[in-house]
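The structure under discussion appears below in the form of structure tokens.
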Amino acid sequence: MTIAFLTPEYPHAKTGNSGGIGTSIKNLAIGLLAQGVSVRILVYAQKKMLALMIMVF
């Protein structure tokens, strides 16, 4: 199974800490990965980043 999240923010070393939805999605992704689920995180419109970043786990 693969689950994708589309979010305007996500914690990343280049952008600093993220609050709210970004941190919640990160925690959900970690839990899903521990259960063997494939996770994709698509980030749009985050400052100091490319227009679209795709993280594949």
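Contact map, region 1-17: residues that are modelled with pLDDT of 90 or more paired with residues that are surrounded by fewer than 16 Cβ atoms within 10 Å (Cβ to Cβ) and not aromatic (Phe, Trp, Tyr), Cβ distance under 6 Å, separation 6+ or inter-chain. Pairs shown: MET1/VAL37; THR2/SER38; ILE3/VAL37; ALA4/ARG40; LEU6/LEU42. So, THR23, is that one loosely packed, with under 12 Cβ neighbours inside 10 Å and among the polar types (S, T, N, Q) or not? So THR23 fails the test.
Inside region 29-57, residues that are more than 13 Å from PHE5 (Cα to Cα), of a type in the set (A, V, I, L, M, F, W, C), modelled with pLDDT under 85 and open to solvent by 50 Å² or more (accessible area, probe 1.4 Å) make up a count of 3.
The values are calculated or read from the model by the stated rules, or taken from the named source; none is laboratory data. Because the structure is predicted, anything quoted here is derived from the model rather than measured. Reconstructed Cβ throughout: ideal geometry from the backbone, glycine too, with neighbour counts over all protein chains shown. We work out accessible area using only protein heavy atoms, side chains counted, and drop any ligands, DNA or RNA first. Shrake-Rupley method; radii C 1.70, N 1.55, O 1.52, S 1.80 Å.
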